[in-house]
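Enquirer: Right, I'll just put the structure down here and ask away after.
The values are calculated or read from the model by the stated rules, or taken from the named source; none is laboratory data. Keep in mind the model is a prediction, meaning the values are calculated, not measured. Here the Cβ positions follow ideal geometry from the backbone for every residue, glycine too, while neighbour counts run over all protein chains shown.
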Amino acid sequence: MCRFFFRLMGIRPIAAVDVKIEALDTGAALDWERQLFEDVAKHPRKRFLRLWEGTQSLVAPKKLAALPAFAAAAAEMAAQGWPVHVRGTGGDVTPQGRGIVNVTHVYTWASGGAFDIPAAYDRLCAPIEHALGAGAKRGWQPGAFCDGAYNVQWDGLKFAGTALRFRPCREDKSSHTVLAHALILLTPPSATSIEAINTFLSRLGEPRVIESAAHTGLPHGLTPEAFAARLVAGFEPG
């Protein structure tokens, strides 16, 4: 895995130095996201961007955590080496581990009007598409984990999944605090990760089945280093 770390604080332009993907415990990373969301809600001029790789685990939305079978299913998965964490954004079950890079972008949307969900997704997806190059697009991907209209696709397969959390700022209700998250597949998900998701969904009584063939990784010839540099450049404030 590339040793990149990048963090942006305040509203300064992104520094084009020492860009790293940091190895983090998945649960700690999700806690960090929640803390930064509250921090930016209180201090709207702050802005954070982080690229990180989590430990092997599954991440589930709150709606699944409310199911009666969740506790037993999560305990079973933890015993198999796949602890389950709960996140504040929506969506569905996703894996974490080697070959997966996460982008966390926390900022203030100062539109002065209603929050524009498509525009906020564009702000998250466009840098990923820029980093991939011509041929990247968005859309639903049947058989993919956490499928959605704002998947980023490459070669007709899911490359990245995206999610948003937002709410009015505490001091200025016309602005919104935004937590934007993308899960990026540097390499196609492993067979064991897909099996873990399907086992967990089955134990929850969820009928969908995830297919390995619905996903892809970085295009041939594009290194993780080059991709990360392009990705960070795409988040440069205009």
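Enquirer: At pLDDT 95 or above and buried (at least 22 other Cβ atoms within 10 Å of the Cβ), is that true of A213?
Expert: No.
Enquirer: Which of the residues that make up region 125-159 are in contact with a Ser or Thr (Cβ under 8 Å, 6 or more places away or on another chain) and acidic (D, E)?
Expert: Selection gives D155 alone.
Enquirer: Determine if region 167-186 includes at least one residue that is modelled with pLDDT of 95 or more, of a type outside the set (D, E) and surrounded by fewer than 18 Cβ atoms within 10 Å (Cβ to Cβ).
Expert: no
Enquirer: Out of all the residues in region 152-187, which are assigned to a loop (DSSP other than H, G, I, E, B) and closer than 24 Å to L30 by Cβ?
Expert: Filtering region 152-187 down to residues assigned to a loop (DSSP other than H, G, I, E, B) leaves 155-156, 169-175, 186-187.
Matches in region 152-187: C169, R170, L186, T187.
Enquirer: Would you mind stating whether P142 is surrounded by fewer than 20 Cβ atoms within 10 Å (Cβ to Cβ) and out of contact with any Cys (no Cβ under 9 Å at 6 or more places or on another chain)?
Expert: Details: surrounded by fewer than 20 Cβ atoms within 10 Å (Cβ to Cβ): yes; out of contact with any Cys (no Cβ under 9 Å at 6 or more places or on another chain): yes.
The answer is yes for P142.
Enquirer: Scan region 188-238 for residues that are in a helix (DSSP H, G or I) and either within 16 Å of Q56 (Cα to Cα) or free of Cβ contacts under 8 Å to residues at least 60 places away in the same chain (or both) and report the count.
Expert: Here is the first cut: in region 188-238, the ones in a helix (DSSP H, G or I) are 191-204, 212-214, 224-234.
Subset that is either within 16 Å of Q56 (Cα to Cα) or free of Cβ contacts under 8 Å to residues at least 60 places away in the same chain (or both): 191-200, 202, 212, 226.
Total satisfying the criteria: 13.
Enquirer: Scan region 139-158 and report the pairs whose first residue is more than 14 Å from V93 (Cβ to Cβ) and whose second residue is assigned to a strand (DSSP E or B) and among the aromatic types (F, W, Y), with Cβ atoms within less than 8 Å and a gap of 6+ or a chain change.
Expert: N151/F159; V152/F159; Q153/F159
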